[in-house]
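Below you'll find the structure, written out as structure tokens, and then a few comments.
The values are calculated or read from the model by the stated rules, or taken from the named source; none is laboratory data. The structure displayed is predicted, hence computed values, not measured ones. No Cβ is skipped: glycine too gets one built from the backbone with ideal geometry, and neighbour counts run over all protein chains shown. Please note that ligands, DNA and RNA were not included when accessible areas were found on the heavy atoms of the full protein model with its side chains. Shrake-Rupley method; radii C 1.70, N 1.55, O 1.52, S 1.80 Å.
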Amino acid sequence: MTTLFKNIKELIQVRDQHIDFISGADMKILPTIKNAFLVLEDGLISDYGHMNDCPKTTFDTIIDATGKMILPSWCDSHTHIVYAGNREGEFVDRINGLSYKDIANKGGGILNSAKTLQEASEDDLYNQSKIRLEEVMQLGTGAVEIKSGYGLTADAELKMLRVIKRLKENYPIEIKATFLGAHAVPKDYKNDKAAYLKMLIDDVMPKIASEKLAEYVDIFCETGYFSVEDTALILEAGKKHGLIPKIHVNQFNAIGGVQVGVKHQALSVDHLEIMRDEDITALQNTTTMPVALPSCSYFLSIPYTPARKMIDAGLPLALATDYNPGSTPSGNMNFVISTACIKMRMTPEEALNAATINGAYAMGLETQVGSITRGKLANLILTKPINSYYFIPYAFGNHQIERVFLKGEAI
Ligand code: NIG
Ligand code: FE
């Protein structure tokens, strides 16, 4: 099966040589080819170049992209797409003056979602979640990480992970799974957090490893949730079961989560709304990707990750949605990119690098997606006719996507 796209106004994020991720000043560079062609073969990118060199051979499908652009599909490295029910009541409570913390303290928040999820059957959970997955695919996401963490019992955590596995089997989008059992301390363990962590480590992690239900391990390292010591414990146990750390840190308080993540070679440290100078320094010259979640800042009215300061200090940065029922009921990467430009003063080039190649790295998919590179999956966005790629973040609240291709097939 071969496809030729011809007369592409601009082919974006073209990387001839493999690159793991982009850091610092290099993030301002977004390589493109104007007036380009692109060839797909059996779901992979097989060739591209300037229209002057467009092959004259025959193809199964030829698409004329005059006036339109092509870029790699979005890589959303942090989501909680598998959940049951919603929390729009808490949204109204916040409008009326309660804080996110007030709501959590009275048994709402993560515990509220956990109760709903525990009561949902696996099929019901799958059916609710697949609607969100289909929605984000239509919005241009071609690779996504999905976390557990709304189960908070052994059975319900495994139920979530099995739903993620089913989604992986049934959809063409790339999916990575993360075990976030340590998302909040459940009511039954209110006075014995250590026993909860022990249960996660002794009962749940071995099942995850034997059923191959997750690649990554996460924990909410935050005042009132889990400490730096708890984080070290979970990350070490995860490592023994083959789970690589990708963790929630510095959302409301900087308590040393970045440092513990770096120490345990976390693939990513995510949120980072509150960053001290020493947190930025700790990330320099490491393989840990910082991940910003601007839709969460927007929805909760909390600070934005100081992207400018971090990139200017030479760090890489990835952008993700955090799609979840409490802090970010949106999986729209187009909005994330606009918000990063508008509120975090990232340039369009930085935001597009952060949402593609750096996002791919943050979920271990950098050899498969995130750039227009020969041999990578043909997971692509074909835009509507637009004048320049600046229009993608500029036209906020909208998107410029005409069609999405996953493994070479239009969805
Ligand atoms: O990434 N911060 C921790 N977890 C989620 C939100 C959890 C919730 O409110 O349901 C997040 O924002
Ligand atoms: Fe999250």
Task: Check: the chain dipole with +1 on Lys, Arg Cβ and -1 on Asp, Glu Cβ, in debye - done: 360
- [ ] With everything on Cα atoms, drop me the angle between helix 333-344 and the longest principal axis of the chain, reported from 0 to 90° to the nearest 10.
- [x] 80
Task: Nonlocal amide H pairs with Ile372, under 5 Å, H built at 1.01 Å - done: Val14, Arg15
Task: J(HN,Hα) series, region 319-332, from Karplus relation 6.51 cos²θ - 1.76 cosθ + 1.60, nearest Hz, glycine and proline x - done: 10, 9, 8, 6, 2, 7, x, x, 9, 7, x, 8, x, 8
TODO: Would you tell me the accessible area of Glu122, worked out with a 1.4 angstrom probe on the heavy atoms of the protein chains, in Å² to the nearest 10?
DONE: 60
TODO: With the full set of protein chains in place, find how many percent of the accessible area of the chain is carbon and sulfur; take the probe as 1.4 Å.
DONE: 51
Task: Kirkwood estimate for region 205-258, i.e. one over the average of 1/r between Cα atoms, Å - done: 11.5
Task: Set of lysines with alpha-carbon distance to Lys239 below 20 Å, sequence-local pairs under 8 removed - done: Lys147, Lys176, Lys198, Lys207, Lys212, Lys263
TODO: Please work out the Cα center distance from region 341-411 to region 75-114, rounded to the nearest Å.
DONE: 29
Open item on the list: Of all beta bridges DSSP finds with both residues in region 74-361, what is the antiparallel percent, to the nearest 5?
Closed with: 5
Task: Under 5 Å, built H, 5+ apart or other chain: amide partners of Glu402 - done: Leu382, Thr383, Lys384
- [ ] Would you kindly state the longest site-free stretch of the chain, with sites defined as chymotrypsin sites (Phe, Trp or Tyr not before Pro) in a DSSP loop (not H, G, I, E, B) surrounded by at most 15 other Cβ atoms within 10 Å?
- [x] 1-389
TODO: Would you work out the relative contact order for region 74-361, in percent, from Cα pairs under 8 angstrom that are 6 or more residues apart?
DONE: 18
Task: the chain: proportion of alpha-carbon pairs further apart than 35 angstrom, % - done: 24
Task: Solvent-accessible ranking of Thr66, Thr373, largest area first, probe 1.4 Å - done: Thr66, Thr373
- [ ] Starting from the coordinates of the alpha-carbon atoms of region 1-136, obtain the Kirkwood hydrodynamic radius over all distinct pairs and give the value in Å to one decimal.
- [x] 19.4
TODO: Starting at the first residue of region 233-239, write each ³J(HN,Hα) from the Karplus equation 6.51 cos²θ - 1.76 cosθ + 1.60 with θ = phi - 60°, in whole Hz, x for Gly and Pro.
DONE: 4, 5, 5, 5, 5, x, 4
Task: For Trp74, residues with placed amide H under 5 Å, excluding near neighbours - done: Thr141, Gly142
- [ ] Quote the accessible area belonging to Lys198 in square angstrom, nearest 10, computed with a 1.4 Å probe and with ligands, DNA and RNA left uncounted.
- [x] 120
